Amino acid sequence: TAQRDRSAPVVLLNAAGNGSIHAESFRLTLTSILLMSRGGHQPKIIVVTSPGPGEGKTTVVSNMAVAIAESGRKVLIIDADLRRPRMHTIFGIEKNEGFGELMRGAKTNKNGSVKLAPTVCETQIPGVFVLPSGTTSDLNLSQVFHSPQISVLLDKLSEQFDLILIDTPPMIQFSDARLMAGFADGLILVVRSGVTARDSAVTAREQLGRDNINVLGTILNDWDARTNLRQYSHYSGYRQYQSTISDSRKAGSDG
């Protein structure tokens, strides 16, 4: 079905969709993030992952970025899904230089510094910027996410952007998301209604707990309001798309 098609195009929010449940869901998600604080600080660098493939994490990252930019903030998407990068396609930019080149440069620079080459691309959406995956063919992906230079890179980028969203591979199959989360302020787990198996969601959440990763919450993607809200007549108009973020404490108990 289309729901399980991993190659399905990502539909971005736009002004024409201001009144849709799709748009409002991402704005509510943004509000939840902005109201969170840890040690008096709002999360600024956020990793987004999912238990498995095809659960909509890239769609969530893309549209969260648009919602953030709508609020007047400057947001950067880092495409750290080096195994299946898509952000360059979604936003129509080149991926000739990007995260891969920065990691490659970190290995070769004698002083160990990261050169911020002109790889951060401004998109057609004001306020949304993308650091694409770049060329990764000669990178040892099992070592990239252990590099201490990631912390240096994120510190520099944090000075330039209000929020940074990092798209990473599915976490049950690969360790990339868990390693990247060690450099971030928190992680959001995306699960998909009708696709994500409960056991997979529970396994992912338990693993994040064992890793002591700060889980900001869980986003439920593709929730069917017609089925789940049928008993509530005052929600009868909500029939498009629902994306919600739950408190991390609830996510732990609900799976």
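The residues of the range 133-196 have, on average, 38 Å² of accessible surface per residue, using a 1.4 Å probe with all protein chains present. Take the Cβ atoms of Arg83 and Leu35, set R0 to 30 Å, and the FRET efficiency comes out at 0.35.
One chain, two ends: Asn140 and Gln173. Fully extended at 0.36 nm per residue, the span grows by 10.2 nm beyond their Cα-Cα distance. Spacing of the modelled spin labels on Ser193 and Glu122, each 7 Å from Cα toward Cβ, amounts to 3.9 nm.
Evaluate the charge dipole of the range 149-227 about its Cα centre and quote only its size in Debye, nearest 20, assuming +1 on the Cβ of each Lys and Arg and -1 on the Cβ of each Asp and Glu.
Values: 7 positive and 11 negative charges, 58 e Å.
Using only the charged Cβ atoms, the result is roughly 280 debye.
A simple spin-label model places the labels of Asn96 and Asn212 4.4 nm from each other, with each point 7 Å out along Cα-to-Cβ. If you plug the beta carbon distance of Asp155 and Thr203 into 1/(1 + (r/R0)^6) with R0 = 41 Å, you get a FRET efficiency near 0.80. So if I take the centroid of the Cα atoms in the range 24-81 and the same for the range 145-203, what is the distance between those two points in Å? That distance is 11 Å.
The values are calculated or read from the model by the stated rules, or taken from the named source; none is laboratory data. Everything quoted here is computed from the prediction, not taken from an experiment. Neighbour counts run over all protein chains shown; Cβ positions are idealised from the backbone, glycine included. The protein model used for the area step is the full one, side chains on, heavy atoms only, and it has no ligands, DNA or RNA in it. Shrake-Rupley method; radii C 1.70, N 1.55, O 1.52, S 1.80 Å.
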